[in-house]
Amino acid sequence: MYNMEPTAGYSPTVPPPQLYHSVQAVLPRDTDNQQPANCFNKGMLRWTLHKKVRNNPGNSLSLVWVLIKELEKAERWDSRKCIIPLLHTLMYAIIQTAFIPDELYKRVYDFCKRLLTYPHPYCTVGLSYTKQMKIERIIPGLMYQRLVTAEQRLKNEHYPFQERVFILADPLVFSGSLIPLLFGDFEASTSTSAGFQSPPDHMCSVVQHTIQAVLGAEQCHGLKLAQAMRDKYQDIEPYFQEVLAILEQSAQEGSRGDGGALRSRLQQLYSKIVADTDTEPLCDGPLCDCPLPNPKISFHLWTEDLDIWRELARSFRASCTSEQFSSLSQEQEDFELGESPCDLMPSDMTRFSVMSNDSGIEKDFPPGSDPSPSSSLDPSNISASWEHCKTELESMRLSRRGGIKFKPSAKESMVLMQDTLEDHPSVGGGGSRGENRGVTLQRRAGASSMQNYFPKPQRHFTARIVIMGDDRVVGRLAKAYYFFRKREARRLFLTMKVNLQFYYIPVCMVTTPISPAKENLNHSNGDSCSLGSYLSNVDPWYNCNIKSLGSTIHNMATMHQANPGRPKEPFISDVISYYIRCGQLPVYFTIYFVKITFNNTAKDPMEDVFLTNLEIEFPEFRHISPSVRDKHKRNSGDVCGAVISMNYKKMTLSGRDVDKGISVRTSGAQINAIPLSEVEDLNCLTLTLNEAPVKPKNNTVESKIRTSNIKIRTLESRSFNLTLDKDSRRTYRDVQSIEVSPCLDPGYCIQKAMRSKFNLGEDKDAGLSKYMSKALPLPINTFAGIVN
């Protein structure tokens, strides 16, 4: 039931000096990496700060004043490391503040506008918040109204956008006491957000916040408005629809609109709502808090049989009224997503060719057969299609199967190309990026709206996919995303409807000496969350709030075992909500394709992808310790291991890449796509042999090889094992050779294929192709992109 309390009812007023000290305590410092405990505390302190102010409009307004003063001071002192954390904290407080004076709006807007003269990523964050503050100053409460309407998927006729949060947790990491902890936290999130439990509760909150934000305490009595809406709880939807209509009409008019007209219309609506109350004055009263409810979260353990794309489509179709999904029947959806089981992607299914001896004309078909499309969409036929496919080889009887459309339409081709241009507008050819390569080795990060001249169409549905685990779950996401893009290139379905946003929360497995995970993670004696460690190095605010969450979850699970029961405060849900709302700048990680050839010639080659790590290991040398190998090398001068040949393109900062080929003896090798330190932050692969070169003076064998394309082949009768993304479930044995290269983006492939029809024999990129990236990246959203 909707519940709105007065300002002084249950949340004490925090004096500004105390808020100032709280703000100073959460800011990232240069010593955070040397003292991880301090960094972990900052995430909890940031959450505590927002809890202090979310239930008191007075506290929230005071925090806004403190934060803008701190931002202006950081600008004067050129303390850029604090600007983005302070700005995110400021905007999160502004959204929830009941009323903000116009002079404060102007002060915040002017500061954000000054950030446009700063380098990336400050100008990108500044541009985003400048746009929001410009319209929020004209239409107070619009950000809150749109956020709640989209996240809670409230039915309306004026704002069609909807969002859904999917959390995918690795079952190898999240087991035992972690599962009840997460479920309890998510349950507390839905039941303790100021009593928000149903759509009418959220509608009441939107109406309350909007009227207060526009009218203020001088023209609105928050307590009387809250009481009037409690009395009209069952009939609140018409008022909610009217508020949305007023604000969205004002948003369309923009700066041409009249602020006085907006206040006048909301004043009339306010008088209509409180018309049945007593005759006391309806203004100059205290305002009520309107806490921002956490979005609805769909939690899944990412097991082998979970098809995340099918789950995503079903979720949006079941909860929306838009024609894009509601008009799509279950049978049509299954047809669009493929008829294969969840563990097989339609684009990779083996399709057997059977020669047909009929004419293909309907009247020539034997009696009883119905080749019409309507029959192929019959539920009974769809449910039996896969079983029929399995027995097709055994029966060897002629059957007509639905074909896969390999040639996309012009509209579908443009959607994929616009996606690629949106994500890579600055990766075109040019002399500054190297004449031979055409791209830079610097990792790309941040939104591209300032440079993009080919914006993709706005989609009404946004899926925020949050993955939790170590490098193994990130590798699974990269593989799922790669096959998803391949499938969409053949049969476009979700790309035209859903905007995908990816987030990552690194959580390591608690290993023991007898844990089976030890064998997985000790191959390189490295970090099992290398991608999370990289993001925490380049984004200090990610380090404080997200990287620290993994350790906090394990600590909370230990406390939960000692004191079972539902947590009173949804800490994990609150942090995830803060992350997906403020994490707007992606860091791009290239997905790499690997072709695997086996020693047994009767076994067909296989294809796979990886994101973070590829390991080569010769089983017969696995148990030889590094000290023994080094001793053998010093005594005999020979390296203990097998001989392999490597052909690769050596990458240089100048862009003058060189083709090289060498043969070395080694017991294994590591290929890392994630840099191990900030000094080596290059967007390429780094190959490291288990043994250092025998002769350091010999330049033909380097200790580290930087490349993006490499072929490795064993020259002896020995074969090696291949492990992708440190995941033992993705280990290939008896491997003879591998070929590694960046995955090609389907959007680029389509544009290239279209041009090849008209330019036979021309291999050079031209037209839109030269503005598109060949490689397919996986974007992981952060708060600031790459700062360091």
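The values are calculated or read from the model by the stated rules, or taken from the named source; none is laboratory data. Predicted, not measured: the structure shown is a model, and the values here were computed from it. Because the Cβ atoms are built from the backbone with ideal geometry, glycine has one as well, and the counts that use them run over all protein chains shown.
Mind telling me which of the residues Thr89, Thr97 ends up being crowded, with 19+ Cβ neighbours inside 10 Å, within 30 Å of Arg444 (Cα to Cα) and hydroxyl-bearing (Ser, Thr, Tyr)?
Thr89
What residue, among those in region 554-587 that are part of a loop (DSSP other than H, G, I, E, B) and more than 21 Å from Leu49 (Cα to Cα), is modelled with the highest pLDDT?
Gln584
Here is a list of conditions, (1) surrounded by fewer than 15 Cβ atoms within 10 Å (Cβ to Cβ); (2) under 25 Å from Ser205 (Cβ atoms), and Pro119 meets all of them except one; can you say which number that is?
(2)
Could you tell me which numbered condition Glu218 fails, if it satisfies all but one of (1) of a type outside the set (A, V, I, L, M, F, W, C); (2) modelled with pLDDT of 90 or more; (3) outside any helix (DSSP H, G or I)?
Status for Glu218: all satisfied but (2).
How many residues, within region 1-38, are modelled with pLDDT of 80 or more and not basic (Lys, Arg)?
Residues meeting the conditions: 16.
Looking at Phe99, Phe174, Phe166, Phe183 in this structure, which one is in a helix (DSSP H, G or I) and in contact (Cβ under 8 Å) with a residue 24 or more places away in the chain?
Phe183
Just the residues that are touching a helix residue (DSSP H, G or I) at 6+ places or on another chain (Cβ under 8 Å), more than 30 Å from Glu237 (Cα to Cα) and not in a helix (DSSP H, G or I), please, taken from region 102-156.
Tyr118, Pro121
List the number of the failed condition for Ser737; all other conditions in (1) in a helix (DSSP H, G or I); (2) modelled with pLDDT of 75 or more hold.
Looking at each condition in turn, Ser737 falls short on (1).
Asp765 fails exactly one of the following numbered conditions: (1) acidic (Asp, Glu); (2) modelled with pLDDT of 85 or more; (3) crowded, with 16+ Cβ neighbours inside 10 Å. What is the number of that condition?
With respect to (1) acidic (Asp, Glu); (2) modelled with pLDDT of 85 or more; (3) crowded, with 16+ Cβ neighbours inside 10 Å, Asp765 is out only on (2).
Here's a check for you: in region 36-80, which residue that is basic (Lys, Arg) and touching an Asp or Glu at 6+ places or on another chain (Cβ under 8 Å) is nearest to Ala217 (Cα to Cα)?
Top of the filtered list is Arg54.
Enumerate the pairs (first residue in region 1-25 and surrounded by 16 or more Cβ atoms within 10 Å (Cβ to Cβ); second residue anywhere and at pLDDT below 60) with beta-carbon separation below 7 Å, excluding pairs fewer than 6 apart on the same chain, so at least 6 apart or on different chains.
From residues that are surrounded by 16 or more Cβ atoms within 10 Å (Cβ to Cβ), the pairs are Tyr2/Gly195.
So in region 43-70, with the set limited to residues that are over 25 Å from Gln212 (Cα atoms) and buried (at least 23 other Cβ atoms within 10 Å of the Cβ), which one is farthest from the chain's Cα centre (by Cα)?
Ranking the qualifying residues of region 43-70, first place goes to Arg46.
Take Ile246 and tell me if it is surrounded by 22 or more Cβ atoms within 10 Å (Cβ to Cβ), within 27 Å of Ser198 (Cα to Cα) and under 37 Å from the mean Cα position of the chain (by Cα).
no
Six or more apart or on different chains, Cβ atoms under 7 Å: show the pairs whose first residue is in region 144-163 and at negative phi and whose second is in a strand (DSSP E or B).
These pairs meet every condition: Ala150/Gln162; Ala150/Glu163; Glu151/Glu163; Gln162/Phe461; Glu163/Thr462; Glu163/Arg464.
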